[in-house]
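For reference, the structure is listed below as structure tokens.
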Amino acid sequence: MPMERPSDSSLIIGVAASTAERVQLARLLGGADALLLVSNADQARAFLELTGVPAVQTVAAGERRMQAVREPEPVAELRLDVHRRVVRWKDREMPLTRLEHDFLHCLVAEPGRVWTYQRLHHAVWGNEHLGHGSHIHSVVKRLRQKLADLGSTVTIHAVRGVGFHLLPAT
């Protein structure tokens, strides 16, 4: 069955229980403007509630899927000050290094979208991704800690073998 291309304002939410299925979905739908991959419907609902995006449930080919009626705005109370390189959650803020800021900027600009290692590497480091990616994981580890220190209810989730996206903390 041919896949219909979503409009520019669509958020595609893929629900797949296994990592292998999520990786396959990411590869198939990686070019989408906004893509959210989760392991169950509760995670999708939590994301939609956090971002304030109303969900419409549709049934297609006997499968249930959730579809957002508009693109999510940047994650509710998480803000980046691009001039001062700080991240704000509610009334608290935390300074960021250039790499942390640029990395988080990608994820906040498109919450839920899976950013591949290659795409992140190009956007943050300005060159092609080479090697095992320990430098990317180092930035993610520091950012996760800073988001937790702020009391944020969002964090960076990994999609094994594909990349990262910003989702509600579980």
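The values are calculated or read from the model by the stated rules, or taken from the named source; none is laboratory data. It should be emphasised that the depicted structure is a prediction, and the values quoted were computed from it without experimental measurement. Cβ sites come from the backbone with ideal geometry, for glycine too, and all protein chains shown count toward neighbours. To get the accessible areas, we keep the full protein, side chains included, count just its heavy atoms, and leave off ligands, DNA and RNA. Shrake-Rupley method; radii C 1.70, N 1.55, O 1.52, S 1.80 Å.
For region 87-102, the set of residues classified as acidic (Asp, Glu) and within 19 Å of the chain's Cα centre (by Cα) consists of 100, 102, listed by residue number.
Within region 147-156, the residues that satisfy the criterion of being open to solvent by 40 Å² or more (accessible area, probe 1.4 Å) and either outside any helix (DSSP H, G or I) or not small (Gly, Ala, Ser) (or both) are 149, 151, 153. For region 1-62, the strands (runs of 3 or more DSSP E) that sit wholly inside it and include 3 or more residues that are at pLDDT 70 or above are 11-15, 35-38. Scanning region 110-139 for residues that are assigned to a loop (DSSP other than H, G, I, E, B), open to solvent by 50 Å² or more (accessible area, probe 1.4 Å) and either within 23 Å of residue 47 (Cα to Cα) or at pLDDT below 85 (or both) turns up 127, 128, 130, 131, 132. Cβ-Cβ distances below 8 Å connect no pair with a first residue in region 149-162 that is without any contact (Cβ under 8 Å) to a residue 24 or more places away in the chain, a second residue that is among the acidic types (Asp, Glu), and a separation of six or more residues or different chains.
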